[in-house]
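One structure is given here, and the rest of the page talks about it.
The values are calculated or read from the model by the stated rules, or taken from the named source; none is laboratory data. Predicted model only: the values in this text are computed from it and were never measured. FYI the Cβ positions are ideal-geometry reconstructions off the backbone, even for glycines, and counts take in every protein chain you see.
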Amino acid sequence: MNYVVLDLEWNQGDASKEAQNPEMPFEVIEIGAVKLDADMKNCGEYSRRIKPTCYNTMHFITAKLLHIHRADLENERCFPEVFEDFRKWCGDDFLFCTWGPQDLTELQRNMHYHGVKPFSDGPLPFLDVQKLFSLAFQSGKDRSSLESAVDMMAITKDIPFHRARDDAYYTGEILALIPDKFLSHISYDCFSIPKDKKHEVHVEFNDYVKFISRGFSDKNKALEDPEVISTVCCICGKPLRRKAVSWFSPNGKNYYSVSICPEHGNMKAKVRLKKSDNGLTYVVKTEKFISEKDVKDLRERADKAARNVKRAEQYQNRGK
């Protein structure tokens, strides 16, 4: 299997000149990539600019950052033709790698806009190199810029940043330095969510499990689904019904609970509610074992959330 390290440059509507298109807020104007083999050796590069068809003017930030003007792209090929060329270059057996999660989402949104055949009919696995870099060399929660990471790893900066092929090159250089044990931390781009229950995603990592649901008509339907609200011990596989912390939400988007496995300890579940491009609600649930201190912290958050709900109810009742 090869690793296709991808980077995109895009344009967007300039509010003073033309409106943003909600179907494609970011129009890809350049695709850059490097291909690494199984030993993380560079075995190919790809760089193509694309003629815009959605936005007629170049956003001033895009022009300033990339030093590209609309006239510079007039003789380039349009997205469908460039993309099919890129798809052939990628080959059949590869895994996308990007710095952060946005590039794959915007690439697929451009594909959908232009009626190009999708990569898959569900979530697309990839390596988020920004995340892996943090796991390997930082706290796991930091999200550094690409140039900061290059500086931290003392990689020679002999080409400029902010062009697709060049940023892909630097991302590939960082990927090659990440220890193999972190490469199992696969991310999933959910531009296309699971189409039904059969295709929902269940994946196990070293220290946590992830579930990506099919789409639901609304939030309440999602939270009623047994697969969403249940917790199973990821070691012994037993359903966990006893709660150390019952389900609560501090913001109406993320929900938390802690269930108790008599053999293996406290298992935290986090449910994130998200909206797909077609308007459906889907769930990303992660579960992992946590310490007693973490349980205490979550219990305090749950109590605070309950107090906030009570205060809000009292305020509403005063107004009646």
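Quick check, is Ile186 aliphatic (A, V, I, L, M) and without any contact (Cβ under 8 Å) to a residue 60 or more places away in the chain?
Values: aliphatic (A, V, I, L, M): yes; without any contact (Cβ under 8 Å) to a residue 60 or more places away in the chain: no.
No, not satisfied.
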Among the residues of region 77-93, are any loosely packed, with under 13 Cβ neighbours inside 10 Å, assigned by TED's automatic domain parsing to the domain that holds Arg48 and among the aliphatic types (A, V, I, L, M)?
no
Would you mind listing the strands (runs of 3 or more DSSP E) fully within region 227-293 where at least 3 residues are free of Cβ contacts under 8 Å to residues at least 40 places away in the same chain?
254-261, 265-275
Scan the helices (runs of 4 or more DSSP H) fully inside region 117-191 and keep the ones with 1 or more residues being of a type in the set (Asp, Glu) and buried (at least 19 other Cβ atoms within 10 Å of the Cβ).
164-175
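For (1) modelled with pLDDT of 95 or more; (2) aromatic (Phe, Trp, Tyr); (3) in contact with a strand residue (DSSP E or B) (Cβ under 6 Å, 6 or more places away or on another chain), each residue gets a yes or a no:
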residue: Leu8; (1), (2), (3): yes, no, yes
residue: Ser16; (1), (2), (3): no, no, no
residue: Asn21; (1), (2), (3): no, no, no
residue: Val28; (1), (2), (3): yes, no, yes
residue: Ile31; (1), (2), (3): yes, no, yes
residue: Leu36; (1), (2), (3): yes, no, yes
residue: Lys41; (1), (2), (3): yes, no, no
residue: Gly44; (1), (2), (3): yes, no, yes
residue: Ser47; (1), (2), (3): yes, no, yes
Identify, by number, the condition in (1) in a loop (DSSP other than H, G, I, E, B); (2) among the acidic types (Asp, Glu); (3) touching a residue at least 60 places away in the same chain (Cβ under 8 Å) that Glu106 doesn't meet.
(1)
Is it the case that some residue within region 306-318 is of a type in the set (A, V, I, L, M) and under 30 Å from the mean Cα position of the chain (by Cα)?
no
Just one of Asp189, Asp151 is at pLDDT 95 or above and touching a Leu at 6+ places or on another chain (Cβ under 8 Å); which is it?
Asp189
Are any residues in region 196-214 within 17 Å of Thr286 (Cα to Cα), touching a residue at least 40 places away in the same chain (Cβ under 8 Å) and surrounded by 11 or more Cβ atoms within 10 Å (Cβ to Cβ), and if so, which ones?
Val201, Tyr208, Val209, Lys210, Phe211, Ile212, Ser213, Arg214
Considering region 94-116 alone, what residues qualify as being of a type in the set (A, V, I, L, M), surrounded by 18 or more Cβ atoms within 10 Å (Cβ to Cβ) and within 24 Å of Asn206 (Cβ to Cβ)?
Leu104
Taking region 199-216 only, how many residues are out of contact with any Leu (no Cβ under 7 Å at 6 or more places or on another chain) and either closer than 25 Å to Arg109 by Cβ or not assigned by TED's automatic domain parsing to the domain that holds Phe289 (or both)?
9
Of all residues making up region 230-269, the number that are closer than 20 Å to Val201 by Cα, at pLDDT 95 or above and of a type in the set (A, V, I, L, M)
2
